[in-house]
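Notes to accompany the following structure.
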Amino acid sequence: EVASSIGSGLAKAALAGKVDGRLVDTSYRLEGEVKLEIVTDKHPDALEIVRHSTAHLLAQATQRLFPKAQVTIGPVIDDGFYYDFAFERAFTPDDLAAIEKRMEELAVADIPVERSVMPRDEAVAFFRGLGEDYKAEIIASIPSNEDISLYRQGDFVDLCRGPHVPSTGKLKAFRLTKLAGAYWRGDSRNEMLQRIYGTAWTDRKALDAYLHRIEEAERRDHR
């Protein structure tokens, strides 16, 4: 509403907000006098929000194609993000291409991203009910007096502190890059998970420039 009062173009470009130095969703309700920044794709914090949101898009697309895949963690890393999945077999390059295609379809669908809060024990039961045992284990390790922040986009719900973009249509430039294995919680005594890496940028030009740099680096390494 604040962005709209300044201009419709700013409202359309808004990815998130920054209130007294803290990043928040565009749905965050302002109370009293605050220092407010509207985060657009030009803001220094935009990339982190876009990449975090694209990790959720990856998880949603993966579960659409492979309903038995369980989600675990999906953080932002240098130049991109990854998400670890528990699945009955290793993903293949063909799977990666199919997941990316489904991500593009979900982005075009412009699905609203909505935040909600749930008590810790209720959230544990909720994710166990979904068959998401890893996610339930993560939540169970959080102190019982803390409320849990959840984000929903369509049929996909994930545990996350946020913030996220207001809808999947804000995610316009991403690419899945590679597959790897990873142990649950980084412990070799635990189950081996499937890790999908990706990169995301605020626009296609920046994505293409990054991919070009990677290709050039790979060519130099092969010489």
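Number of residues in the stretch 18-63 that are surrounded by 23 or more Cβ atoms within 10 Å (Cβ to Cβ) and more than 15 Å from the chain's Cα centre (by Cα) equals 1.
For (1) modelled with pLDDT under 95; (2) open to solvent by 40 Å² or more (accessible area, probe 1.4 Å), each residue gets a yes or a no:
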| site | (1), (2) |
| --- | --- |
| Leu159 | yes, no |
| Val165 | no, no |
| Phe174 | no, no |
| Trp184 | yes, no |
| Arg189 | yes, yes |
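Taking the numbered list (1) open to solvent by 50 Å² or more (accessible area, probe 1.4 Å); (2) in a strand (DSSP E or B); (3) closer than 20 Å to Phe66 by Cα; (4) of a type in the set (Asp, Glu) in turn, Glu105 passes all entries but (2).
Restricting the first member to the stretch 117-146 and to residues that are in contact (Cβ under 8 Å) with a residue 24 or more places away in the chain and over 13 Å from Gln70 (Cβ atoms), and the second to residues that are part of a helix (DSSP H, G or I) and basic (Lys, Arg), the beta-carbon pairs closer than 8 Å and six or more apart or on different chains are Ser144/Arg120; Asn145/Arg120; Glu146/Arg120. Among the residues making up the stretch 180-205, those that are part of a strand (DSSP E or B) and either β-branched (Val, Ile, Thr) or within 17 Å of the chain's Cα centre (by Cα) (or both) are Gln194, Arg195, Ile196, Tyr197, Gly198, Thr199, Ala200, Trp201.
Only residues that are more than 12 Å from Arg152 (Cα to Cα) and either among the small types (Gly, Ala, Ser) or assigned to a helix (DSSP H, G or I) (or both) were counted across the stretch 110-133, and they come to 12. Of the residues examined, Gly169 is one that is surrounded by fewer than 16 Cβ atoms within 10 Å (Cβ to Cβ), in a helix (DSSP H, G or I) and touching a residue at least 60 places away in the same chain (Cβ under 8 Å). Within the stretch 69-102, can you find the residues that are among the aliphatic types (A, V, I, L, M), assigned to a loop (DSSP other than H, G, I, E, B) and at pLDDT 95 or above? The answer is Ala69, and nothing else. In the stretch 58-77, the residues that are more than 13 Å from Leu130 (Cβ to Cβ) reach residues that are of a type in the set (Asp, Glu) and open to solvent by 40 Å² or more (accessible area, probe 1.4 Å) with C-beta atoms within less than 7 angstrom, at least six apart or across chains, in these pairs: Val76/Glu48.
The sole residue among Ile138, Ile111 that is over 12 Å from Thr54 (Cα atoms), surrounded by 14 or more Cβ atoms within 10 Å (Cβ to Cβ) and at pLDDT below 95 is Ile138.
So is Leu211 part of a helix (DSSP H, G or I) and touching a strand residue (DSSP E or B) at 6+ places or on another chain (Cβ under 7 Å) or not? Spell out the reasoning first.
On the way: part of a helix (DSSP H, G or I): yes; touching a strand residue (DSSP E or B) at 6+ places or on another chain (Cβ under 7 Å): yes.
Spelling it out, Leu211 is indeed part of a helix (DSSP H, G or I) and touching a strand residue (DSSP E or B) at 6+ places or on another chain (Cβ under 7 Å).
The values are calculated or read from the model by the stated rules, or taken from the named source; none is laboratory data. This is a predicted model, so every value here is computed, not measured. For neighbour counting, all protein chains shown are included, and Cβ atoms are generated from backbone atoms with ideal geometry for every residue, glycine included. These area figures cover heavy atoms from the full protein model, side chains too; ligands, DNA and RNA do not enter into them. Shrake-Rupley method; radii C 1.70, N 1.55, O 1.52, S 1.80 Å.
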